[in-house]
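Have a look at the structure below before the remarks.
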Amino acid sequence: MENLSAENSLRLIAETIERSRKSIAKNSGKPLILWGCLDTITAIIIWALWSCTGSPQWNLLWFAMTVIGGIGTYFMVRNNEKVPETEVSRILGRIWLWFGIFSIGMILLVLIVAVVCTAFDIPAHIHINSGPIIMVLLGLCGTISGVVMKMKAVIASSVISTAICLIYISVIPEDSPAQVLVFAILGIFILIIPGILLQKKSR
Amino acid sequence: MNDMNFIPLDPLLHSELRLAVMSILLDVPEADFVYLKAQTGATSGNLSVQIDKLQQAGYIEVSKGFKGKMPQTLCQITDKGRDAFAAYVNALRSYIK
């Protein structure tokens with residue numbers, strides 16, 4: 001049996017677990033920061049182009065953002081130190097993956113319905129504006145992420161920014177380019193700030 | 001304190017490297033050999049031997065496969081290993097009371 005004292009054994013256990021946890025958490029905030037920056041920059045670009053040209057078709061840039069984000073995430077994960085997946089990282093990954101799938105799927109569905117209704121002259125009785133729905137989903141996913149990470153600041157940031165954005169989009173016209181700015185605000189408060197907090201926590 | 005109050009320590013866990021491996025595996029669903037090597041700072045040969053001992057005791061499960069084209073050895077703590085680790089920590093506490 002090795003000459004390990006009881007105190008040294010307990011210290012070794014605590015230090016090993018702490019070191020492993022820090023190593024796993026080291027890069028966990030980076031994807032949130034990447035997607036937050038992309039979301040904020042894309043929202044500002046769309047707002048600027050939509051305002052200048054009056055064409056809401058610039059919203060198609062969201063699809064380009066998804067592709068850029070997907071490629072960026074792939075290279076980020078590939079270049080990072082390989083670490084095991086924890087329950088928390090697994091749940092967070094699934095939450096944001098399904099947010100992405102649901103949002104893109106919903107936008108595509110709304111677009112297809114609009115195209116079909118226009119092509120076959122079918123009257124659309126309900127106009128679905130996907131923006132506010134995605135905004136609430138983003139707020140919900142941010143809040144759940146905060147709960148999973150046990151970070152009250154993230155929960156507060158998500159809930160408060162979503163509430164403020166809901167009030168904001170309620171008081172400006174639905175077809176105004178300014179609507180898209182809520183995604184810049186949410187990108188900062190739901191993705192970038194929590195990502196930075198997560199990075200700081202892991203140091 | 002009387003010697004009779006001391007709980008015997010599990011000799012399999014009372015080793016620096018094996019204890020470090022078990023501590024890491026306790027906290028994650030599974031970890032690969034490369035990660036364990038980086039975290040413990042052990043040599044590949046020594047780590048292989050210690051992992052083998054833990055596996056033979058039924059404290060961990062080892063599965064070998066491939067990730068892409070690279071071979072990968074994944075280690076996972078078993079319920080028996082978890083119980084043994086808890087008993088070991090309880091035993092340690094009896095020494096420092």
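Out of every Cα pair in the stretch B:3-96, what percent are spaced more than 14 Å from each other?
65
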Counting other beta carbons within 10 Å of each Cβ, put A:Trp35, A:Trp98 in order, fewest first.
A:Trp98, A:Trp35
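For A:Ser202, B:Ser15, what's the fewest-to-most ordering of other Cβ within 10 Å of each Cβ? Could you put the intermediate results ahead of the total?
Details: A:Ser202 15, B:Ser15 19.
In order of increasing Cβ crowding within 10 Å: A:Ser202, B:Ser15.
Taking 35 Å as R0, compute the FRET efficiency from the Cβ-Cβ separation of A:Thr73 and B:Thr73 and round it to 0.05. Walk me through the intermediate numbers first.
Numbers: r = 27 Å, r/R0 = 0.76.
So, using R0 = 35 Å, E works out to roughly 0.85.
How large is the charge dipole for chain B, taken about the Cα centre, if only the Cβ atoms of Lys, Arg (+1) and Asp, Glu (-1) carry charge, to the nearest 20 debye?
Details: 10 positive and 10 negative charges, 44 e Å.
Here chain B has a charge dipole of around 220 debye.
Rank the residues B:Leu92, A:Leu12 as a footprinting-exposure proxy: fewest other Cβ atoms within 10 Å of their Cβ go first. Please list the in-between numbers first.
Working: B:Leu92 21, A:Leu12 16.
Placing the least packed residue first, the sequence is A:Leu12, B:Leu92.
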Under 1.5 on a/c is rounded, so check that first for the stretch A:91-169, then, if it is not, pick prolate when a/b is larger than b/c and oblate when it is not; a ≥ b ≥ c are the square roots of the alpha carbon gyration tensor eigenvalues.
oblate
Net charge dipole size for the stretch A:70-203 [Lys, Arg +1 and Asp, Glu -1 on Cβ; Debye, nearest 20]:
820
Each label point is 7 Å from the Cα along the Cα-to-Cβ direction; what then is the distance between the points at A:Glu7 and A:Leu166, in nm?
5.5
Within chain A, which whole H helices from DSSP have a Cα span along their axis of at least 20 Å and a mean Kyte-Doolittle hydropathy of -1.0 or more, if any?
A:6-25, A:30-53, A:61-79, A:87-119, A:130-149, A:152-171
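Send over the semi-axes of the protein assembly as shown's equivalent ellipsoid, whole angstrom and largest first, taken as the square roots of 5 times the C-alpha gyration tensor eigenvalues.
On the way: eigenvalues 531, 83, 50 Å².
The three semi-axes for the protein assembly as shown are 52, 20, 16 Å.
Pop the C-beta distance of B:Asp52 and A:Phe63 into the FRET formula with R0 = 45 Å and round what comes out to the nearest 0.05. Write down the numbers at each step before the final one.
On the way: r = 51 Å, r/R0 = 1.13.
Taking R0 as 45 Å, the efficiency between B:Asp52 and A:Phe63 is 0.35.
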Taking 51 Å as R0, compute the FRET efficiency from the Cβ-Cβ separation of A:Ile112 and A:Lys152 and round it to 0.05.
0.80
For the stretch B:47-57, in residue order, the Karplus 3J(HN,Hα) values (coefficients 6.51, -1.76, 1.60; θ = phi - 60°; whole Hz; Gly and Pro = x) are 4, 4, 4, 5, 5, 4, 5, 5, 5, 5, 7
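None of the figures in this text is laboratory data; all of them are computed from the coordinates on show. Keep in mind that this is a model prediction, so the values were computed, not measured. Cβ: placed from backbone, ideal geometry, glycine included. Neighbour counts: every protein chain shown.
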